[in-house]
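Here the structure comes first, spelled out in structure tokens, and everything after it is commentary.
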Amino acid sequence: MAYRDHSDAEGNDETVTRDGIVIKPVYDADDVADAEIGAPGEFPFTRGIFAPADRPRSWRAEHYAGFGSASESKERFAYLKRMGTSGGMSIALDMPTQVGLDSDHPLAAGEVGHVGVAIDTLADVEELFSGSRLDEVKHVFCTANSIAPIILAMILAAAQQQGVSPDSFTVQLQNDSLKEYFARGTQIYPVQDALRLSADTIEYCTRHLPEWSPLSISGAHMRGAGATALQELTYTICDGLAYVEEVTKRGVDIDTLAPNLELHFTVQMDLFEEVAKLRAARRIWAKLMRERFGATSNVAMAAWITTATSGVTLTAQEPLNNIIRTTTETIAAILGGANNHRVASYDEALSIPTKDSARIATRIPQILTLEAELTSTADPLGGSYFVESLTSEMESRFWQEFAAIEERGGAVAAIEDGYFFRNIVQSALRWQEDFDSGALTVVAVNRYHENADDVPPEIFEGDPDAERRQIERLHAVKASRDQVAVDASLVALAEATARGDNVVPTVLDAVRAYATVGEICEVWSKQFGSWDAAANAL
């Protein structure tokens, strides 16, 4: 999908990727003479992080879900569990929650529960997990970024209320506040302050909840914003280094920290490019952990990679074609050695998935792994002339761009001066130009499309009263809580933030008192101020 045809000076047919990598018609042994192939489970982990004897016999496939209220989302997760999802609960938050607004805030009007579940207080998290103990759920993922300390505290408090040990299940927080500034737009505070809150979350989990994963360094949103595969690879790893540097400065050992971090990429339709990207990512991360931070254990150098099928490649036209697209992208994730994967439903270009479309998305990885047995061997494309050459080319180009970013002062500087943002915007514009000219084909959209109107599939219809009920629920919680305890917890949070303490313990006290997401974020907004994109060259 991202390739453009051209011919070289001698008239040979070639193609070129959006990153400028020339793809030849044929590859041979000369193209892989210097390839760092290695063996699975051995540095630099090009072929995967597990040795053959240690490879998991099953592949964890999650389905990302959440809409409306906690009770509605709970029902959807129960349905997905019955369909055989193996990844526990992968929770989408609505936009007001993600940007620190309560459901009754004027700016939240019309957005409550629309693209994820509304979470205002601990009461919502209690409801979400009611009926299923967290030690039975086993794994919880959440997209919390700018509000990661709050969601961490709410999940921990809910577990304690259930009498469940936090060691009996795992939690994975995205907590990647840096990418928000140039890929998603849900940032709240200035960059350095947001980094501090993310680092507080990482440090707390590393010291007190060692089985939990406090950071999913997410390139997937960069790709969705228009980044190329190489930009996604490079900017993701650069962001990751900023977090690692911040937390290790606090005295956290790299061999303790790194094993619970993950890289999160999207996979698009360029199957072999995506395979090469994932293989190169493991190789690069391993080298940086060892050479830059002094990691000594294999588990600290081996990058756990989660992937997701791309929302960008989903089309509203002939949406059933998206089943083929997400299947192709899932194959790329498997062949590239992803450890965990999320599959989008075919109708997500139109609405929140219906139960039927969610079921089909669940079946895709089940069929590929259980029937096609694509996970039966490690790195099945290892040694391919084409794939090894492309992996090495991706790594080589990474180091070139990495050097330029380092000269600018690293990821934080590249965010603050708009470097990442401008480059992604330029890539998105080039994609649009290629699409408009026909150099890039999207089947049934700009090529092979019918003139007749498509018959739309069944569309998910949310409950129009869900927002009103969520606001009523919020007001009921606020009316019944101990306001003195809430006020005291917020004062303590403000004092801890001002002192530079790790904020998680005081956030935990605040959520136990049923302080709202908005009230906690307001404490930080008063101390940090807010991010001004116009003043930061964006």
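The values are calculated or read from the model by the stated rules, or taken from the named source; none is laboratory data. Nothing here was measured: the structure is a model prediction, and the numbers come from that model. Every residue, glycine as well, gets a Cβ built from its backbone with ideal geometry; the counts of neighbours run over all protein chains shown. These accessible areas exclude ligands, DNA and RNA; they are computed on the full protein's heavy atoms, side chains included. Shrake-Rupley method; radii C 1.70, N 1.55, O 1.52, S 1.80 Å.
Exactly one of these conditions fails for A53: (1) open to solvent by 60 Å² or more (accessible area, probe 1.4 Å); (2) closer than 26 Å to A220 by Cβ; (3) not polar (S, T, N, Q). Give me its number.
(2)
Just to be sure I understand, how many residues within the stretch 180-196 are among the small types (G, A, S) and buried (at least 20 other Cβ atoms within 10 Å of the Cβ)?
The number of residues fulfilling the criteria is 2.
Tell me which of these T354 doesn't satisfy, since it passes every other one: (1) without any contact (Cβ under 8 Å) to a residue 12 or more places away in the chain; (2) farther than 23 Å from S218 by Cα.
(1)
Looking at the stretch 467-484 only, could you name the residues that are within 13 Å of D120 (Cβ to Cβ) and either under 33 Å from the mean Cα position of the chain (by Cα) or touching a residue at least 12 places away in the same chain (Cβ under 8 Å) (or both)?
E467, R469, Q470, I471, E472, R473, L474, H475, V477, K478, R481
Within the stretch 407-428, track down each residue that is within 20 Å of T15 (Cα to Cα) and open to solvent by 20 Å² or more (accessible area, probe 1.4 Å).
Passing the criteria: only A428.
Select from the stretch 495-507 the residues that are open to solvent by 20 Å² or more (accessible area, probe 1.4 Å) and farther than 27 Å from H475 by Cβ and list them in ascending order.
Those that are open to solvent by 20 Å² or more (accessible area, probe 1.4 Å) and farther than 27 Å from H475 by Cβ: E495, A498, R499, G500, D501, N502, P505.
Give the number of residues within the stretch 231-251 that are open to solvent by 10 Å² or more (accessible area, probe 1.4 Å) and either modelled with pLDDT under 95 or farther than 27 Å from D19 by Cβ (or both).
The total comes to 5.
Out of T228, T206, I need the residue that is in contact with a Leu (Cβ under 9 Å, 6 or more places away or on another chain) and either surrounded by fewer than 24 Cβ atoms within 10 Å (Cβ to Cβ) or modelled with pLDDT of 95 or more (or both). Which one?
After applying the criteria, what remains is T206.
Is it the case that some residue within the stretch 214-225 is open to solvent by 10 Å² or more (accessible area, probe 1.4 Å), assigned to a helix (DSSP H, G or I), touching a His at 6+ places or on another chain (Cβ under 7 Å) and among the small types (G, A, S)?
Yes, because at least one residue in the stretch 214-225 is open to solvent by 10 Å² or more (accessible area, probe 1.4 Å), assigned to a helix (DSSP H, G or I), touching a His at 6+ places or on another chain (Cβ under 7 Å) and among the small types (G, A, S).
Any residue in the stretch 17-38 that is under 19 Å from D379 (Cα atoms) sitting within a Cβ distance under 7 Å of a residue that is assigned to a loop (DSSP other than H, G, I, E, B) and of a type in the set (D, E, K, R)? List the pairs, counting only those 6 or more apart or interchain.
Here the result reads I37/R47; G38/R47, each pair linking the stretch 17-38 to a residue that is assigned to a loop (DSSP other than H, G, I, E, B) and of a type in the set (D, E, K, R).
From the residues in the stretch 162-179 that are assigned to a helix (DSSP H, G or I) and out of contact with any Phe, Trp or Tyr (no Cβ under 9 Å at 6 or more places or on another chain), which one is least open to solvent (accessible area, probe 1.4 Å)?
Applying the first criterion (assigned to a helix (DSSP H, G or I)) to the stretch 162-179 yields 162, 166-168.
Restricting the remaining residues to those that are out of contact with any Phe, Trp or Tyr (no Cβ under 9 Å at 6 or more places or on another chain) gives 167-168.
Numbers: D167: 105, S168: 42 Å².
The residue in question is S168.
Please name all residue pairs, on different chains or six or more residues apart, with Cβ atoms under 6 Å, provided the first residue is in the stretch 106-125 and is over 15 Å from T143 (Cα atoms) and the second residue is open to solvent by 10 Å² or more (accessible area, probe 1.4 Å) and outside any loop (DSSP other than H, G, I, E, B).
Listed pairs, sorted by first residue: E111/M95; V112/E467; T121/V477; A123/V477.
Whether any residue in the stretch 161-168 is hydrophobic (A, V, I, L, M, F, W, C), at pLDDT 95 or above and closer than 27 Å to E467 by Cβ is what I want to check.
No, that holds for no residue.
Taking only pairs six or more apart or across chains, which ones have beta-carbon atoms under 9 Å, a first residue in the stretch 412-428 that is more than 14 Å from E180 (Cβ to Cβ) and without any contact (Cβ under 8 Å) to a residue 12 or more places away in the chain, and a second residue that is aliphatic (A, V, I, L, M) and surrounded by 21 or more Cβ atoms within 10 Å (Cβ to Cβ)?
Partner pairs satisfying both residue conditions: none exist.
Kindly indicate whether any position in the stretch 140-148 is hydroxyl-bearing (S, T, Y), within 25 Å of L474 (Cβ to Cβ) and in contact with a helix residue (DSSP H, G or I) (Cβ under 8 Å, 6 or more places away or on another chain). Even if it seems obvious, please write down each step before you answer.
Kept after step one, since they are hydroxyl-bearing (S, T, Y), are these residues of the stretch 140-148: 143, 146.
Pick out the ones that are also within 25 Å of L474 (Cβ to Cβ) and you get 143, 146.
Filter once more, so that each one left must be in contact with a helix residue (DSSP H, G or I) (Cβ under 8 Å, 6 or more places away or on another chain): 143, 146.
Yes: one or more hits.
Looking for something modelled with pLDDT of 95 or more, charged (D, E, K, R), over 19 Å from I155 (Cβ atoms) and out of contact with any Cys (no Cβ under 7 Å at 6 or more places or on another chain) - is there at least one such residue anywhere in the stretch 103-110?
Yes; the residues of the stretch 103-110 include at least one that is modelled with pLDDT of 95 or more, charged (D, E, K, R), over 19 Å from I155 (Cβ atoms) and out of contact with any Cys (no Cβ under 7 Å at 6 or more places or on another chain).
Just one of A510, A488, A476, A466 is more than 30 Å from E72 (Cβ to Cβ) and either crowded, with 18+ Cβ neighbours inside 10 Å or of a type in the set (A, V, I, L, M, F, W, C) (or both); which is it?
Checking each option against the conditions leaves just A488.
Sort out for me the helices (runs of 4 or more DSSP H) sitting completely within the stretch 296-406 that have 3 or more residues that are farther than 19 Å from R282 by Cα, open to solvent by 40 Å² or more (accessible area, probe 1.4 Å) and modelled with pLDDT under 95.
The helices (runs of 4 or more DSSP H) meeting that bar are 355-366.
Kindly indicate whether any position in the stretch 12-31 is open to solvent by less than 30 Å² (accessible area, probe 1.4 Å), more than 30 Å from V445 (Cα to Cα) and either modelled with pLDDT under 85 or outside any helix (DSSP H, G or I) (or both).
Within the stretch 12-31, none of the residues are open to solvent by less than 30 Å² (accessible area, probe 1.4 Å), more than 30 Å from V445 (Cα to Cα) and either modelled with pLDDT under 85 or outside any helix (DSSP H, G or I) (or both).
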